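I have placed the structure first, in the form of structure tokens, so that the comments after it can refer back to it.
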Amino acid sequence: MTATQFSEFTTTALPDHTQLPESDGTFVKNFQEHPQSNLLTNSIRPVLQALHSDEQYCIGQDCGIYWRLTDPPEKGAEAPDWFYVPHVPPMLNGAFRRSYVLWQEYVAPLVALEFSSGDGSAERDRTPVTGKFWVYEQAIRIPFYGIYEVSKASIDLYHLIEGSYQPVAANDRGHFPIPALGVELGIWAGSYEGMELPWLRWWDDAGNLLLTGDERAEQERQRAEQERQRADRLAERLRQLGIDPNEV
């Protein structure tokens, strides 16, 4: 078989994202899961847009990554709660991906995050072929893998070095750096979507919290209000001095 024939065979024989199940039928683990994913996505988008002026990147939220063919098909996928892939189009053939298929894309995610509601054993399972940790490390080979234990409000971040995951040490801010993105992961205690919880969030490498669009708008509103109050105080002081602020 020639290289051309092999290429044609593999392209036509292997299923793509439209032919594979987009869900394994399991429920989300807790009510925090979807808001947590949205918080991560919303706040890091300006960073990713700056890194990808061509907009060639995608983010998956509880979306399957197919890495092998199995029967049933969903057994050949892992579904991180959140992941980011650089240098791929955000859509395929004018449609959003139903899943992320490695033999169709070839580019592995750079970061995958799991939100563990249990003791984290499933996320740390190193059993060959079936264990989540093993699949991310040895099969998909994701450079940065993070495990957020909701009940403990703790993070373990691993970096793939010479074929195996090594723990990433927290910096002096208690954050876990991902140098490839110029960001850090950490725990933020605050309110998001009406829930006061310890949330997994991003900071830049200078230690500044990456804000969501709503937070940026609120920050701007507060800044404008402070400027208005400062102008009002100045105008009142001028009036006390017998000066019409409108003529200054």
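The values are calculated or read from the model by the stated rules, or taken from the named source; none is laboratory data. The structure displayed is predicted, hence computed values, not measured ones. Glycine also receives a Cβ, built like all others from the backbone with ideal geometry; neighbour counts cover every protein chain displayed.
All conditions in (1) surrounded by fewer than 14 Cβ atoms within 10 Å (Cβ to Cβ); (2) in contact (Cβ under 8 Å) with a residue 40 or more places away in the chain; (3) not β-branched (Val, Ile, Thr) hold for Tyr136, with the sole exception of (1).
Here region 173-186 is the region considered, the condition is being out of contact with any Gly (no Cβ under 9 Å at 6 or more places or on another chain) and over 18 Å from Glu114 (Cα atoms), and the residue that is surrounded by the fewest Cβ atoms within 10 Å (Cβ to Cβ) is Pro179.
Checked against (1) hydroxyl-bearing (Ser, Thr, Tyr); (2) at pLDDT below 95; (3) within 23 Å of Pro86 (Cα to Cα), Tyr165 meets all criteria but (2).
Residues that are modelled with pLDDT of 90 or more and among the polar types (S, T, N, Q): find the strands (runs of 3 or more DSSP E) completely inside region 173-248 holding 2 or more of those.
Working: elements: 176-178, 183-192, 195-204.
It comes to none.
When residues in region 43-91 are screened for being among the hydroxyl-bearing types (Ser, Thr, Tyr) and assigned to a helix (DSSP H, G or I), 1 of them pass. Within region 85-105, residues that are assigned by TED's automatic domain parsing to the domain that holds Pro143 and of a type in the set (A, V, I, L, M) sit with their Cβ atoms under 6 Å from residues that are assigned to a loop (DSSP other than H, G, I, E, B) and crowded, with 18+ Cβ neighbours inside 10 Å, at 6+ positions apart or across chains, in these pairs: Val85/Pro109; Val101/His17; Leu102/Trp67.
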